[in-house]
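The values are calculated or read from the model by the stated rules, or taken from the named source; none is laboratory data. Since this is a predicted model, take the numbers as computed values, not measurements. Using ideal geometry, Cβ is built from the backbone for each residue, glycine included, and neighbour counts are taken over all protein chains shown.
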Amino acid sequence: MPKVKPGGSVSPGVRRYGTKSRYTTEELERILSDIKCGKISQREASKLYNIPRNTLRNKLLGQHNKKVGRPTIFSKEEELFFIQHILYLSDEGIPISLFDVRCVVKCYLDTQNRKVQQFKGNMPGWDWSQSFLERHKAALKQRLETNISRRRAQVNEETLNEFFNNFEGEVSEVSACNIYNYDETGFHDNPSRRKLLFRRSCRHPERIRNSTKSCYTVVFCGSADGNFIPPYVIMKGTQKWSDWVYGAPEGTRLNTSKSGWIDNKVFDDWFEYHFLPIAKTKPGKIILIGDNMSAHLSIYTLKLAAENDVRLLFFPPNSTHLLQPLDVAYFSSLKTYWRQVLSSWRETKGGKKVVALPKAVFCQLLKATLEKGQETGCNNLRKGFECSGLNPVNRDKVLQKLPMYARTTDEVREDVGNEFRKYIESVRTNDLSAVHRARKFCLPVRAGKSVSVEEVEAYYANKETEEKQKMTSKGRGGARTRGGRLKSSSVRTQGGRLQSRNDSCSL
């Protein structure tokens, strides 16, 4: 081991193994140029830049110009071959790890009938992979992956171009204040995790604080000029109580559903009693755009929209991470503020006692969250519309975000090596370019195009006919309730009153 002085420097005459040179190639060339021009002597340069004088002399005489260290196992052309195909796999959305590279290299050596003594069983070791990565750090770098579903990966350039072709015709001559985007999001009872101090030997760092998996749904809606309409809160249950909206943001409306998430009945109520009163105050055509979800498509809502000059548009399936302004630029910061507010409340006396977040407290915390992000919320919404290419309309803003495998490209290049080709076929399935329409998205909707009532009615009529034919072929009758009567869409409350679709409370 080298002897280290109290100041931290290594004793002279002791070689520091495993360290790199204190100078770069560019710095050495500049120093040699100064010596040749007579600006500085070899001795002065050696002391000033801490470079051995023999090194300077050898470089000036043109000696020892070869690369330092043992020669690489593979030639420069072979390593360039590996780099090209590693980058190709990364562009295709199927990146590989260093271990995968070692396996491919072993197969390559076995195919060439080459035996490398430095590799045990022709399998490159961990040291070789690190050296390989260091030699090509300008082209390669290890990064943490972000997994996306195959359906989301199927969103390609053709899909987005079709959406924008329809969208441009719908929003022409429509002002920014009349273009709205809506979406629902969940607020979980799970405070943020922080790095805290624990005993070094602690294997399971824990903190005593209540948290549950409960979640409250809130529908947000805002225009392209950065103005929000009040939130719409959805809670799980059948009854509604006035204290649930106590301390809520002004104009908040509350509704319930059996699942706690949005459904057709809740969406109809939101559109008719929460969105339309605000939309009627705006002159001209209104554009309301949201994600392609069956709960957002209702004949009742479409009739109301047609009567009030509101056009409902939908994004392509699995494309909200690229096109939905609320997802792109607003929800992330809002959830950060929510976790901060929830964490602070959990430190209070009331927050320590209860296990689950009470419904009567949620709206108060929601108000504190919105006030915390009020300064940046409107600007984030405007930026969301801009980054999504919706206002002003600019499809290039979205197309440039697509990864290489989602863009219009040719077939697999001819120079792809056989071993990498085998790797693609055996380990991964290269079918990301094949777009399969999922069942739940078989709605009469064209992305970026408004929907008419007649199209939806015809769709549901055909669907009902097909279901009856299937039941008839099985020899069964239609679904019946007890007593042979059809179930009513209304829900009878404890007081005997029927609770209809329009029965929701607001603040």
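Structure values in brief
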{"quantity": "Residue satisfying all of: in segment 374-395; among the small types (Gly, Ala, Ser) and not in a loop (DSSP other than H, G, I, E, B); surrounded by the fewest Cβ atoms within 10 Å (Cβ to Cβ) among these", "calculated": "377"}
{"quantity": "Total residues in segment 270-301, condition surrounded by 22 or more Cβ atoms within 10 Å (Cβ to Cβ) and of a type in the set (D, E, K, R)", "calculated": "0"}
{"quantity": "Of all residues making up segment 165-199, the number that are under 26 Å from the mean Cα position of the chain (by Cα) and either in a loop (DSSP other than H, G, I, E, B) or not assigned by TED's automatic domain parsing to the domain that holds residue 329 (or both)", "calculated": "7"}
{"quantity": "Top-ranked residue of segment 129-164 - restricted to ones that are of a type in the set (A, V, I, L, M) and in a loop (DSSP other than H, G, I, E, B), ranked as nearest to residue 450 (Cα to Cα)", "calculated": "155"}
{"quantity": "Complete set of residues in segment 68-104 that are free of Cβ contacts under 8 Å to residues at least 12 places away in the same chain, more than 17 Å from residue 129 (Cβ to Cβ) and not in a helix (DSSP H, G or I)", "calculated": "68, 71, 75"}
{"quantity": "In segment 124-139, the residues that are under 33 Å from the mean Cα position of the chain (by Cα) and surrounded by fewer than 14 Cβ atoms within 10 Å (Cβ to Cβ)", "calculated": "126, 130, 134, 137, 138, 139"}
{"quantity": "Complete set of residues in segment 165-175 that are of a type outside the set (S, T, N, Q), more than 13 Å from residue 450 (Cα to Cα) and touching a residue at least 24 places away in the same chain (Cβ under 8 Å)", "calculated": "174"}
{"quantity": "Test: residue 453 is touching a Lys or Arg at 6+ places or on another chain (Cβ under 8 Å) and either at pLDDT 75 or above or surrounded by 11 or more Cβ atoms within 10 Å (Cβ to Cβ) (or both)", "calculated": "yes"}
{"quantity": "Residues satisfying the stated conditions in segment 256-284, i.e. of a type outside the set (D, E, K, R) and in a helix (DSSP H, G or I)", "calculated": "264, 266, 267, 270, 271, 273, 274, 275, 276, 277, 278, 279"}
{"quantity": "Failed item in (1) modelled with pLDDT of 90 or more; (2) of a type outside the set (S, T, N, Q); (3) under 26 Å from residue 296 (Cβ atoms), with residue 317 passing the rest", "calculated": "(1)"}
{"quantity": "Of the criteria (1) modelled with pLDDT of 90 or more; (2) of a type outside the set (Lys, Arg); (3) touching a Cys at 6+ places or on another chain (Cβ under 8 Å), which one residue 242 fails", "calculated": "(1)"}
{"quantity": "Any hit, segment 63-84, residues being farther than 27 Å from residue 150 by Cα, surrounded by 17 or more Cβ atoms within 10 Å (Cβ to Cβ) and under 53 Å from the mean Cα position of the chain (by Cα)", "calculated": "yes"}
{"quantity": "Filter result (touching a residue at least 24 places away in the same chain (Cβ under 8 Å), part of a helix (DSSP H, G or I) and either of a type outside the set (Phe, Trp, Tyr) or over 24 Å from residue 239 (Cα atoms) (or both)) within segment 350-370", "calculated": "351, 352, 359, 360, 363, 364, 365, 366, 367, 368, 369, 370"}
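Here's the yes/no breakdown for (1) at pLDDT 90 or above; (2) small (Gly, Ala, Ser); (3) over 28 Å from residue 344 (Cα atoms):
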site: 196; (1), (2), (3): no, no, no
site: 216; (1), (2), (3): yes, no, no
site: 219; (1), (2), (3): yes, no, no
site: 225; (1), (2), (3): yes, no, yes
site: 228; (1), (2), (3): yes, no, no
site: 231; (1), (2), (3): yes, no, no
site: 250; (1), (2), (3): yes, no, no
site: 257; (1), (2), (3): yes, yes, yes
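Rundown of residues vs (1) without any contact (Cβ under 8 Å) to a residue 40 or more places away in the chain; (2) under 23 Å from residue 314 (Cα atoms), yes/no style:
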{"position": "178", "(1), (2)": "no, yes"}
{"position": "194", "(1), (2)": "yes, no"}
{"position": "214", "(1), (2)": "no, no"}
{"position": "231", "(1), (2)": "no, yes"}
{"position": "252", "(1), (2)": "no, no"}
{"position": "263", "(1), (2)": "yes, yes"}
{"position": "280", "(1), (2)": "yes, yes"}
